[in-house]
Amino acid sequence: MTVAENNTAPGGAPAPGADTTASAAEAVVPAVSRGERFTSYDVEAFEVPSGREENWRFTPMKRLRGLHDGSAAATGQVTVDAETAPEVRVETVGRDDERLGAAGTPSDRIAAQAYSSFEKATLVTVPGDTKASAPSTVRLTGPGEGETAYGHVQIRAEAFAEAALVLDHVGSGTYADNVEFVIGDGAHLTVVSVQDWADDAVHVSEQHLRLGRDATLRHIVVTLGGDLVRVSPTATFAGPGGDVDMLGLHFADAGQHQEHRLFVDHAVPHCKSNVLYKGALQGDSAHAVWIGDVLIRAAAEATETFELNRNLVLTEGARADSVPNLEIETGEITGAGHASATGRFDDEQLFYLQSRGIPEDQARRLVVRGFFHEILMKIDIPEVRERLEAAIEDELQAIGV
């Protein structure tokens, strides 16, 4: 099977001579391997998904508000506010900026729609050989209830730069975007993407992570709010020695749909990836979806990778779907593995705590805190960690745990 070709150029315009008719989209053969997935900047190069496709089978399509079929016209804008360290530069750029698209190409119709629909992009740069003196925050506030917006953000850490940054999503409305992380050679970046939307919000985001030679990225996704949130991070390596940690924490309430789809593409040798996502669910029809795909290509010798997803179901009526996938094309690897687990409270843990005089409700809280502790301790931005700890406490109080 051959890889479907990208038929457009950065900026959203079709490449010269490209066939963007419906027949071209119909000719796309479903990929057996994630390495063969189709990518394009052109919306019409993708078929309108029905929900039966592998990429969409867990997503409640009717709740996407037309983002997937072209009927969701932009009626508003997302407000971007940046509070950055003095060493960090923030720009608002047009669609024609040649730096856009450097980290990756949209791999589904909504991502392509977002790329072709934004008017201005926010570009955050950490200059080379610079260590930021404080964490930076970029806050994106939704367009408002009943409104739809598209956006684009790019975070650039130039060679040997070091910084920590928070992408904070709040407010109401419907929003689709692409987020790029371009990590230069030898750079170190920690980023926390927080989805703390209002109850009505729908957010679909494709995040592109591209690491240079010997670059290090800690990418943390935290999803708490929203009606439907779907975040799809893809990590690729531009040179050997790259090291990426992809971490996630999510807490779904009644009626919420939270979906995280990850892809780590090892195509060069001597790179590392570690994936760890933990989620808790409570309330009727709370639904969490985690898909973790790791591909080790034939050229990616000496790769070291592991992925793990764990879900804790707190009440009846909640559901978690977890699908780890590992594809290996070479035997010359350092190590690889994947695991997934979904369950309720551990009765033995509760018994142990209660046997030492701790009331049941407090014991349950301790179990949940311990479940998330591993992720929280990896967030080395104190104000963000404290905020998340408080949010978890609020969630537990809502059901009397």
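The values are calculated or read from the model by the stated rules, or taken from the named source; none is laboratory data. All figures in this text were calculated on a predicted structure; none of them were measured in a lab. We place every Cβ from the backbone using ideal geometry, glycine too, and count neighbours over all the protein chains shown. Calculation scope for accessible area: heavy atoms of the full protein, side chains included, ligands and nucleic acids excluded. Shrake-Rupley method; radii C 1.70, N 1.55, O 1.52, S 1.80 Å.
Applying the set (1) over 21 Å from Asp196 (Cα atoms); (2) more than 14 Å from the chain's Cα centre (by Cα) to Val275 leaves exactly one unmet item: (2). Mind checking which residues of segment 241-265 are among the acidic types (Asp, Glu) and open to solvent by 10 Å² or more (accessible area, probe 1.4 Å)? Correct list: Asp243, Asp245, Asp253, Asp265.
Determine whether segment 380-399 contains at least one residue that is out of contact with any helix residue (DSSP H, G or I) (no Cβ under 7 Å at 6 or more places or on another chain), open to solvent by 70 Å² or more (accessible area, probe 1.4 Å) and modelled with pLDDT of 95 or more. Checking segment 380-399: not a single residue is out of contact with any helix residue (DSSP H, G or I) (no Cβ under 7 Å at 6 or more places or on another chain), open to solvent by 70 Å² or more (accessible area, probe 1.4 Å) and modelled with pLDDT of 95 or more.
When each of Thr236, Thr190 is tested for being touching a strand residue (DSSP E or B) at 6+ places or on another chain (Cβ under 9 Å), of a type in the set (Ser, Thr, Tyr), under 27 Å from Asp96 (Cα atoms) and open to solvent by 10 Å² or more (accessible area, probe 1.4 Å), the lone residue that passes is Thr236. For segment 33-50, filtered to residues that are of a type in the set (Gly, Ala, Ser) and open to solvent by less than 20 Å² (accessible area, probe 1.4 Å), the residue that is nearest to Val229 (Cα to Cα) is Ser40. Number of residues in segment 284-326 that are surrounded by 20 or more Cβ atoms within 10 Å (Cβ to Cβ), in contact with a Gly (Cβ under 6 Å, 6 or more places away or on another chain) and either over 27 Å from Gly255 (Cα atoms) or among the β-branched types (Val, Ile, Thr) (or both) equals 2. Considering only segment 226-250, state which residues are in contact with a helix residue (DSSP H, G or I) (Cβ under 8 Å, 6 or more places away or on another chain) and outside any strand (DSSP E or B). Across segment 226-250, the qualifying residue is only Asp227. The set of residues in segment 296-326 being assigned to a strand (DSSP E or B), aliphatic (A, V, I, L, M) and under 30 Å from Gly283 (Cα atoms) consists of Leu308, Leu312, Val313, Ala320, Val323.
Give me the residue from segment 368-382 that is part of a helix (DSSP H, G or I) and touching a residue at least 60 places away in the same chain (Cβ under 8 Å) and, out of that set, farthest from Thr190 (Cα to Cα). Ranking the candidates gives Val368 first. Among the residues making up segment 327-367, those that are open to solvent by 40 Å² or more (accessible area, probe 1.4 Å) and assigned to a loop (DSSP other than H, G, I, E, B) are Glu329, Gly331, Glu332, Ile333, Thr334, Arg344, Asp346, Ser355, Arg356, Gly357, Ile358, Pro359.
Please work out which residue is nearest to Glu54 (Cα to Cα), limiting yourself to segment 266-283 and to residues that are assigned to a strand (DSSP E or B) and open to solvent by 40 Å² or more (accessible area, probe 1.4 Å). Here the answer is Asn274.
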